[in-house]
1. Count the lysine pairs in the chain whose Cα atoms sit under 27 Å apart, keeping only pairs 8 or more residues apart in sequence or on different chains.
2. Compute the angle between helix 159-171 and the longest alpha-carbon principal axis of the chain, please, reported from 0 to 90 degrees and rounded to the nearest 10.
3. Accessible area of the stretch 45-165 with a 1.4 Å probe: how many percent of it is carbon plus sulfur?
4. Measure off 7 Å from each Cα along the Cα-to-Cβ vector at Arg25 and Asp239, then give the distance between these two points in nanometres to one decimal.
5. Over the stretch 32-183, what relative contact order in percent results from Cα pairs under 8 Å that are six or more residues apart?
6. Ignoring solvent entirely, what values of log10 I(q)/I(0) come out of the Debye formula for the stretch 29-101 at 0.23 Å⁻¹ when each Cα is a single scatterer?
7. Counting other Cβ atoms within 10 Å of each Cβ, which chymotrypsin sites (Phe, Trp or Tyr not before Pro) in the stretch 41-105 have at most 15 and sit in a DSSP loop?
8. Take each of the peptides 228-236, 184-192, 139-147, average the number of other beta-carbon atoms within 10 Å over its residues, and list them starting from the highest.
Amino acid sequence: MCLSLCAGGLAGCFGGGHAEWEDPRYATMMEAADSVFRLGYVRQAQQQYQAALDRAFLIDDPRAIHDAGFNLATSELRLKDYRNSLTTLDRVSAALTTRGWTGEQQADLHLVRASVLYAQKYWQDVESEAVLARNSTDGSVRSKAYALTGLAAVELSDRATLEDAINHLTASKKLSNPTDLQELLVRRSMMDQTWSQAVDEARKLVSSREEEMDYEAMRRALLLEARALQAAGQQGAADDVMRRFTDSEKAQAGQ
């Protein structure tokens, strides 16, 4: 099972699958990790995914190495343990390459790496990793890669790349996460300094992220709303939104 990435964070949904045979101990470790992750105990999940990855290497199962490694790296990303996340990705990618996995089969690992680089504000490097992630046969991975490219483009004031990402996501017939497109539209409004529109869009984005239970992305949306309100001359409302952001961030740190 592989955790599903949102732009810059993790979502609480699971997918993927295995061949007919699966090592029972590995399966038990992954199920335990998935369960605690769903409950929001990311550090405990990270420890379980590490044990599952060790087991995957022991049984020499490439699919298990990929799935446990992907989940471990994304959990480390969620914990803001960026160095270990990149180390995990390097180890897993090297192991899969040795076992004959192509770059296309590892596209989602590039997506995790792009997310780590985005969190570290290496905007230029995000695009190169996201381009590799767009080689995935999985539409959801491709969509999230475009979303990350668009987010990095905003930071680089690259309007053309932002528009390309928006156009791709808008044209997708089966967009896996329309909220990612919603965030890009908020950021475009802010780039255009249409602050009233940005406030309305950001407020809707906060609600969408809450409904998805993606609270990292929700806090990012709250920051956007506060910035838009401040630019619109509504400092009191902006302060209220920032208090909501701070309350959520403190509660997250305590878990």
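1. 13
2. 70 degrees
3. On the way: 2170 of 4920 Å².
C and S atoms contribute 44 percent here.
4. Taking the two extended label points, one gets 5.9 nm.
5. Rounded, it is 14 percent for the stretch 32-183.
6. -0.94
7. Of the chymotrypsin sites (Phe, Trp or Tyr not before Pro), the ones in loops of the stretch 41-105 whose Cβ has at most 15 other Cβ atoms within 10 Å are Tyr41.
8. Order by mean packing, descending: 139-147, 184-192, 228-236.
The values are calculated or read from the model by the stated rules, or taken from the named source; none is laboratory data. These numbers were taken from a predicted model, which means no experiment stands behind them. Reconstructed Cβ throughout: ideal geometry from the backbone, glycine too, with neighbour counts over all protein chains shown. Surface accessibility is based on the protein's heavy atoms, side chains included, excluding ligands, DNA and RNA. Shrake-Rupley method; radii C 1.70, N 1.55, O 1.52, S 1.80 Å.
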